[in-house]
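The values are calculated or read from the model by the stated rules, or taken from the named source; none is laboratory data. None of the values given here were measured: they were computed from a predicted structure. Positions of Cβ are backbone-derived with ideal geometry, glycine not excepted, and every protein chain shown enters the neighbour counts.
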Amino acid sequence: MNFLGLEWFHPWFLFLLPLVLLPWLNHNLDKTVAWVDLVPIDPLSRLVSVGLKLLSSLAMTSLILALAGPSIPEQTVERIGEGAEIVLLLDRSRSMDDPFAVKHQAAVVSVGGDNSKRRVARDYLTEFIKNRPDDRFGFVFFSTKSVNLLPLTYDKEAVLATINANALGKGLSDTNMADALLSSAEMFEGQPYRGSRIVLLVSDGGQLLSDEAKEEITRLYQEMNLGIYWIYLKSNRAMTLESSDEDSMLWVDIPERKLHHFFKSIDVPYRAFEAGSLGAFAEALAEIDRQHYQPLIVEETLPHEPKTDLLLWFALLAMLLLAASHLYTFWGVKKAHD
């Protein structure tokens, strides 16, 4: 039950509130003195009497409200932070199970003896996320088709758990890059624009896209104001995404280059990082981290806040003052009698 902007877990106790008037209905003077009019007016005594009645009412009110279980309900507030909204788009194809250390490079074995590209991506992305407290993350993985594992959220624990789970098991043979890119953009549909938006693609390969897919990707990424970062996990040190005079004829029309050139042509912020080593992977994430600390509207969920303890403290203070006044009266009467 919501009342006065608070949640009440046991609201029926509120029906006991009229009991707080009982101290004001007590007329001890009428019972002890036959002729009240003959008693001289004592302003100090009247003030003390009113004070004791107020303390009694305060103690009763606090106890009744505490029994009703008030709390401030969970609420979402907005604040200005620094960061970005990032969809992590991870390749789940079989090639991501291969060792990340490329030819002529010593393999660096990660925890558990596994230095596959997927496990390495998990370790570095985990550190990347932990260092960005204000970012909102979504998570998509893709192989034969894309799967939106986690919608955009500020819950870092959920994001880290999803990344860790993605590193388990084995990858599949096919890659559907077009579906993955579209799914990542669709996460932002219907979302208010809060600040910098990024799709962070981590993959060791590309795909030839149909003209229809290219048009849809271009439209969505421009409408959603999305930027693309591609951390390309190289399997061949010599091959680059950009063509050069020293290229092998086998590299001219490979899907990775075709995809790279498409990203450059669609008029959205785009940058590719060619990671042929663990150091290059770390440098790519560090560069992305440096570039995207822009003003961002951050939604923060405040948990419900119980107020029972505060009311119990008020009741205890009032009762201690009442007890002190009665002790003072008792010792004063005893001393006068002596």
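The table that follows gives values for the structure above.
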item	result
Test: residue in the range 237-250 that is on the phi > 0 side of the Ramachandran plot, in the same structural domain as ALA284 (by TED's automatic domain parsing) and modelled with pLDDT of 65 or more	no
Among (1) at pLDDT 85 or above; (2) in contact with a Ser or Thr (Cβ under 7 Å, 6 or more places away or on another chain), the one test that GLU74 misses	(1)
Test for LEU317: is it surrounded by 12 or more Cβ atoms within 10 Å (Cβ to Cβ), more than 31 Å from the chain's Cα centre (by Cα) and either more than 30 Å from ALA84 (Cβ to Cβ) or at pLDDT 65 or above (or both)	yes
Verdict on ARG257 being in a helix (DSSP H, G or I), crowded, with 16+ Cβ neighbours inside 10 Å and either of a type in the set (Ser, Thr, Tyr) or at pLDDT below 90 (or both)	yes
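Here's the yes/no breakdown for (1) closer than 25 Å to ASP135 by Cα; (2) surrounded by fewer than 18 Cβ atoms within 10 Å (Cβ to Cβ):
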residue	(1), (2)
THR175	no, no
ALA178	no, no
SER183	yes, no
MET187	yes, no
GLN191	yes, yes
ILE198	yes, no
GLN207	no, no
GLU216	no, yes
